[in-house]
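Working notes for the structure below.
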Amino acid sequence: MTVAWFLRIKYLVLLSLFSLTLFSHAYGLSSDFEQPIEIEADFAELDDEKGVTVYIGKVIVVQGSIVMTGDRLTARFTSERELEDAVLEGRLATFKQTPDLGGLDIEGEAEIVEMHAFENIFYLTGKAKVTQGQRLTQGHRISYDTERSLATVRASKSNGRGGKLDPREGGRVRIIIPPKESVKPSLLEKD
């Protein structure tokens, strides 16, 4: 029992460290969400009655420093015209965002990128990958709760039986946390 408890605590500590490391610098420019949203596509269909807008073909979404691309974007709005959720699909849908702190851009890709505004959750599903410089998080599905700063990475699809992972899907979660850069004293510095 003690070994199982230790492994569980070790797992939780590693997951917490991963979440902190991956997303500590992952906040985009604070002004991004104050900027207008510009969407380009080959085709658009707006259904005001259902509150659904679909964009198809070489979709490009730009808002401040955020740039997203994909083959199809479906956006759902409330009756008050607030964005409820958005789903971007593609051979690989992509996103890129510049962080406030002047760090390296955050880039990601997946077959499906979902944003659920009221739940403050993002999902990247299918060949999901997020990078920032040398940092890498990769798996079948990455979810990020922006309100609680909680990330979860799954290696393979659920088998549909109570949400358990299907080991036949193969693959593993891959995370790269580069060493912290050390500051080397300059030859020009005086004592």
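For the reader, a short list of remarks on this structure follows.
- Listed pairs Lys50/Lys129; Lys58/Lys96; Lys50/Lys96; Lys58/Lys180 exceeding 27 Å between Cα atoms: Lys50/Lys129; Lys50/Lys96; Lys58/Lys180
- For Ser156, the residues whose amide H sits under 5 Å from its own are His140, ignoring neighbours fewer than 5 places away on the same chain, with H placed 1.01 Å from N.
- With a Förster radius of 30 Å applied to the beta-carbon distance between Arg81 and Asp42, the computed FRET efficiency rounds to 0.80.
Bear in mind these aren't lab numbers, they're just calculated from the coordinates by the rules spelled out. Since this is a predicted model, take the numbers as computed values, not measurements. Cβ atoms come from the backbone with ideal geometry, glycine included; neighbour counts cover every protein chain shown.
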